[in-house]
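The values are calculated or read from the model by the stated rules, or taken from the named source; none is laboratory data. Since this is a predicted model, take the numbers as computed values, not measurements. Quick reminder, even Gly has a Cβ in these numbers, built from the backbone with ideal geometry, and neighbours come from all protein chains shown.
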Amino acid sequence: MISVENVSKSFTLHNQGAAVIPVMAGASLQVEAGECVALVGASGAGKSTLMRMIYGNYLTASGRIMVGDLDVVSAVPRQIIQLRRTTLGYVSQFLRVVPRVSTLDVVAEPLLATGSDRDTAIASAKVLLSRLNIPERLWQLSPTTFSGGEQQRVNIARGFAYPYPALLLDEPTASLDPTNRATVLTMIEEAKARGVAIIGIFHDHAARDAICDRQFDVTQFTPGLAA
Amino acid sequence: MTDYNFAYLDEQTKRMIRRAILKGLAIPGYQVPFASREMPMPYGWGTGGVQVSAAVLTPDDTFKVIDQGADDTTNAVSIRRFFQKTAGVKVTEATEEASVIQTRHRIPEQDLRDDQILVYQVPIPEPLRFLEPSEVETRKMHALEEYGLMHVKLYEDISQHGAIATAYAYPVKVEGRYVMDPSPIPKFDNPKLEMAGIQLFGAGREQRIYAIPPYTQVVSLDFDDYPFEASKADHACDLCGAEDSYLDELIVDDEGGRMFMCSDTDYCAGRRKQGHVGAQGVPYAEDAA
Amino acid sequence: MTPLLQVEDVAKFYGHRIGCTDVSFDLYPGEVMGIVGESGSGKSTLLNCLAGHLTPDRGAVRFDTRADGMRDTITMSEPERRMLSRTDWAFVHQHARDGLRMNVSAGGNVGERLMAVNARHYGDIRDKAIDWLGRVEITSDRIDDRPTQFSGGMQQRLQIARNLVTGPRLVFMDEPTGGLDVSVQARLLDLLRGLVREMNLSAIIVTHDLAVVRLLADRLMVMKDGHVIETGLTDQVLDDPQHAYTQLLVSSVLQV
């Protein structure tokens with residue numbers, strides 16, 4: 001489902017003397033449908049960078065990243081937008097939303113964007129928010145004012161609203177209490193069972209060991225860090 | 001007579017105005033620019049109408065001037081005397097007898113014939129000016145037949161007054177093409193714009209001439225659910241009893257007493273001559289005595 | 001899928017100065033593209049060239065018309081272009097008074113485009129105006145008020161209603177949230193996002209506010225000195241800018 005083939009990436013900081021910082025070289029990774037792979041490596045090794053490259057958020061200098069049958073590296077913006085809408089979900093560490101939009105609407109948006117009618121989308125959003133223990137009195141409020149844990153759960157609800165065949169999870173269980181953590185892990189397990197290909201970053205080692213089929217150490221592809 | 005060229009204006013100027021008139025007749029409702037001259041009267045007193053009258057008058061014509069329907073107001077009398085002096089034409093107060101009628105703000109009650117010309121004095125010829133101040137833009141709108149804005153004005157009327165409150169200078173579409181300002185005639189007169197006579201419109205200050213040829217289709221703009229209505233005061237003339245004429249309301253004392261009378265003085269006098277008497281009127285002969 | 005708008009090598013010069021030059025891109029139905037850059041970068045010049053307010057000195061701006069497919073809007077006749085601009089196109093100005101008739105009621109402002117395409121039933125026009133005012137969160141009891149009695153945010157929403165009432169397919173926006181309080185901005189942005197999605201609108205938004213494009217635009221074009229220096233997916237350009245100027249622009253944003 002996801003195939004990273006020999007990708008490289010460097011940052012050029014034009015405003016700091018045009019310093020070139022290589023961050024990844026020759027990385028390759030395959031993830032099959034129904035498989036969950038954890039990215040591991042020291043902080044700064046490029047876990048998030050690789051994830052962002054797969055999502056099209058960072059440009060990739062060379063190589064190929066196939067998600068389904070689209071090469072993210074050479075795709076035009078329109079194709080990536082379509083990919084994100086229907087194929088590749090992403091739960092980031094931080095919630096980024098339009099201020100003053102209600103939590104229900106935030107969670108329902110991926111469904112509305114793919115043409116679901118409003119009632120269906122809102123109903124699905126309610127189910128997810130209940131499951132993740134977001135109190136109903138908060139649903140009409142904007143999540144921008146929520147606590148870190150609440151925001152994280154809203155973010156997860158949003159990421160799981162649409163049944164993407166591939167998912168990127170960046171620290172999905174960070175800042176969650178044990179009950180909600182368990183719920184999120186169950187949701188990930190369910191997604192795997194549905195055949196979703198998942199790439200995740202987990203600092204929560206217990207969670208990682210519980211749901212990931214294997215680990216992928218990005219350090220080996222980090223210039224300057226590779227042993 | 002020897003002191004002036006016939007009808008005051010020089011021949012070249014009259015030819016220039018006639019060309020504008022002919023162009024106006026050829027393109028009904030289209031505002032033709034013309035080189036308006038200084039006339040011996042202030043703008044707003046009918047300089048446009050006077051120039052058009054000067055250009056169409058011939059020595060054989062009989063000339064009549066009405067101001068809001070009346071032959072005897074200062075403005076009407078002055079213009080009538082002006083052409084009496086500068087053109088030496090016959091003048092009349094009878095609609096029937098006139099071959100050229102210059103008017104301010106009315107159409108005579110009596111139907112005009114195809115050998116008569118009605119000349120209107122026009123203050124602001126551009127019907128779109130109310131909402132669009134730019135002349136460049138309004139000319140473009142006419143050229144491209146973009147007349148949505150005209151209905152915005154009528155929409156505003158209905159939304160504010162519950163009905164189309166525009167009572168005079170009510171916009172019309174001429175021969176299915178140009179939207180035109182019929183000058184500040186009451187909308188009661190709008191249906192009469194489809195007539196046998198030639199209608200010429202002159203705006204002196206704005207330097208525009210436009211025309212409606214005989215038997216041309218003239219449609220008052222409206223909405224499907226708010227159709228055009230030619231309204232007048234719901235009353236009969238207190239002098240001649242006419243129920244079909246446009247009326248002026250006159251306050252006659254300081255106790256709220258009022259009377260309604262025909263704004264067309266010739267029409268009213270004619271009816272009274274025929275023996276019609278209104279509620280406050282007296283028989284014609286006594287009045288004359 | 002055919003693009004809704006094809007821009008090819010558009011250039012506009014003011015004497016020897018470059019307004020904008022070498023601009024080419026395709027915009028597809030439902031896509032929202034942001035154009036960012038500092039004052040004088042040529043972004044407004046470009047927008048005005050695209051919307052038919054300025055005639056470019058070079059290039060083609062092809063629009064997928066309903067009747068005849070792809071047509072170059074620069075070479076089409078003026079009546080055709082004006083017809084497009086009051087049916088299939090919409091233009092939201094930064095200053096509401098440039099886009100509204102300030103001496104006409106809110107209802108009349110919304111109704112004008114309908115009447116321009118020959119709507120002649122007062123009741124229907126009014127119903128549509130009320131519907132659209134509602135969609136931009138203006139209550140129906142304000143329908144007969146003039147825009148001068150509205151707040152800045154309301155004026156901007158009224159401008160949007162006036163533009164969208166004829167169901168356009170392409171919306172040009174010039175700094176639509178400029179000069180508004182941040183809270184009012186947020187509400188307007190949310191409204192625009194909803195309308196873009198519901199009506200499957202394509203939009204080109206010129207702004208210098210990177211937060212606005214991040215929330216509204218799928219794609220981004222960065223301009224400097226009349227040239228396009230970087231294009232791409234909005235979040236990619238903002239999170240991984242390639243050009244020196246874009247990096248400077250992104251790093252100059254104040255964090256709150």
Here the residues within segment A:1-22 that are closer than 19 Å to C:ALA244 by Cα and part of a strand (DSSP E or B) are A:LYS9, A:SER10, A:PHE11, A:THR12, A:LEU13, A:ALA19, A:VAL20, A:ILE21, A:PRO22
Do we have any residue at all in segment C:165-181 that's aliphatic (A, V, I, L, M) and within 14 Å of chain A (Cβ to nearest Cβ)?
yes
In this structure, does A:GLU189 turn out to be out of contact with any Leu (no Cβ under 9 Å at 6 or more places or on another chain) and in contact (Cβ under 8 Å) with a residue 24 or more places away in the chain?
no
Which residue pairs have Cβ atoms under 9 Å apart, sit 6 or more places apart or on different chains, and have a first residue in segment C:69-98 that is loosely packed, with under 14 Cβ neighbours inside 10 Å and a second that is part of a loop (DSSP other than H, G, I, E, B) and polar (S, T, N, Q)?
C:GLY69/C:THR2
Among the numbered conditions (1) surrounded by 23 or more Cβ atoms within 10 Å (Cβ to Cβ); (2) among the β-branched types (Val, Ile, Thr); (3) within 14 Å of another protein chain (Cβ to nearest Cβ); (4) within 22 Å of C:LEU4 (Cα to Cα), tell me where C:VAL237 comes up short.
(4)
The conditions are (1) under 26 Å from A:GLY115 (Cα atoms); (2) facing chain B (nearest Cβ under 10 Å), and C:ALA129 fails exactly one of them. Which is it?
(1)
Based on what the data block shows, is A:GLU109 within 15 Å of the chain's Cα centre (by Cα), modelled with pLDDT under 95 and closer than 20 Å to A:LEU88 by Cα?
no
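Considering only segment C:52-117, give the helices (runs of 4 or more DSSP H) lying wholly within it that have at least 2 residues that are away from chain B (no Cβ under 11 Å), among the small types (Gly, Ala, Ser) and within 20 Å of the chain's Cα centre (by Cα).
Of the helices (runs of 4 or more DSSP H) lying wholly inside segment C:52-117, those with at least 2 residues that are away from chain B (no Cβ under 11 Å), among the small types (Gly, Ala, Ser) and within 20 Å of the chain's Cα centre (by Cα) span C:96-99.
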Could you check segment B:127-137 and list, in sequence order, the residues that are surrounded by fewer than 20 Cβ atoms within 10 Å (Cβ to Cβ) and of a type outside the set (A, V, I, L, M)?
B:ARG129, B:PHE130, B:GLU132, B:PRO133, B:SER134, B:GLU135, B:GLU137
Could you give every pair whose Cβ atoms fall below 6 Å, whose first residue belongs to segment A:96-120 and is within 11 Å of chain C (Cβ to nearest Cβ) and closer than 23 Å to C:VAL213 by Cα, and whose second residue is at pLDDT below 90 and not in a helix (DSSP H, G or I), counting only separations of at least 6 or pairs across chains?
A:VAL106/A:VAL97
Report the residue count in segment B:188-215 for those that are surrounded by fewer than 18 Cβ atoms within 10 Å (Cβ to Cβ) and either over 18 Å from B:ALA20 (Cα atoms) or among the hydroxyl-bearing types (Ser, Thr, Tyr) (or both).
4
Just checking, how many residues over segment C:150-178 are hydrophobic (A, V, I, L, M, F, W, C) and either assigned to a loop (DSSP other than H, G, I, E, B) or under 16 Å from C:GLY134 (Cβ atoms) (or both)?
7
Single residue of A:THR173, A:THR179, A:THR145 found to be among the hydroxyl-bearing types (Ser, Thr, Tyr), modelled with pLDDT under 95 and within 13 Å of the chain's Cα centre (by Cα):
A:THR173
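In the list B:GLU135, B:GLU109, B:GLU97, B:GLU146, which residue meets the criterion of being touching a residue at least 60 places away in the same chain (Cβ under 8 Å) and acidic (Asp, Glu)?
None of the other options fit; the residue is B:GLU109.
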So, of the residues in segment A:194-227 that are over 18 Å from the mean Cα position of the chain (by Cα) and aliphatic (A, V, I, L, M), which turns out to be nearest to A:CYS36 (Cα to Cα)?
A:ALA210
Looking at B:ARG18, B:ARG37, which is the one that is in contact (Cβ under 8 Å) with a residue 24 or more places away in the chain, surrounded by fewer than 17 Cβ atoms within 10 Å (Cβ to Cβ) and not aliphatic (A, V, I, L, M)?
B:ARG18
Regarding C:GLY37, is this residue out of contact with any Cys (no Cβ under 6 Å at 6 or more places or on another chain) and touching a residue at least 40 places away in the same chain (Cβ under 8 Å)?
yes
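Just one of B:THR103, B:THR62 is polar (S, T, N, Q), modelled with pLDDT of 95 or more and farther than 29 Å from B:LEU250 by Cα; which is it? Step through it out loud before you land on a result.
Values: B:THR103 fails: farther than 29 Å from B:LEU250 by Cα.
Selected residue: B:THR62, the only one of B:THR103, B:THR62 that is polar (S, T, N, Q), modelled with pLDDT of 95 or more and farther than 29 Å from B:LEU250 by Cα.
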Could you check segment A:126-169 and list, in sequence order, the residues that are within 21 Å of A:GLN93 (Cβ to Cβ) and among the small types (Gly, Ala, Ser)?
A:SER142, A:SER147, A:GLY148, A:GLY149, A:ALA157, A:GLY159, A:ALA161, A:ALA166
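With segment B:74-162 as the region, which helices (runs of 4 or more DSSP H) entirely inside it contain at least 1 residues that are under 30 Å from C:GLY108 (Cα atoms) and either more than 14 Å from every other protein chain (Cβ to nearest Cβ) or touching a strand residue (DSSP E or B) at 6+ places or on another chain (Cβ under 9 Å) (or both)? It would help to see each step written out before you state the result.
Numbers: elements: B:74-86, B:135-143, B:148-161.
Correct list: B:135-143, B:148-161.
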Which one is nearest to B:ARG139 (Cα to Cα), of the residues in segment B:168-226 that are in a loop (DSSP other than H, G, I, E, B) and under 11 Å from the mean Cα position of the chain (by Cα)?
B:ASP181
Given the conditions (1) touching a residue at least 40 places away in the same chain (Cβ under 8 Å); (2) exposed (fewer than 15 other Cβ atoms within 10 Å of the Cβ); (3) closer than 25 Å to B:ASP222 by Cβ, which single one is not true for C:THR148?
(3)
For a quick check of your reading: which strands (runs of 3 or more DSSP E) sit entirely within segment C:179-250 and have at least 3 residues that are within 21 Å of A:GLU109 (Cβ to Cβ)?
C:202-207
How about segment C:28-41: which of its residues are touching a Lys or Arg at 6+ places or on another chain (Cβ under 8 Å) and over 21 Å from C:MET199 (Cα atoms)?
C:ILE35, C:VAL36, C:GLY37, C:GLU38, C:SER41
Over segment C:215-227, the set of residues touching an Asp or Glu at 6+ places or on another chain (Cβ under 7 Å) and either within 13 Å of chain A (Cβ to nearest Cβ) or hydrophobic (A, V, I, L, M, F, W, C) (or both) is C:ASP218, C:ARG219, C:VAL222
Within segment C:191-213, is even one residue touching a residue at least 12 places away in the same chain (Cβ under 8 Å), β-branched (Val, Ile, Thr), more than 10 Å from every other protein chain (Cβ to nearest Cβ) and within 21 Å of C:GLY134 (Cβ to Cβ)?
yes
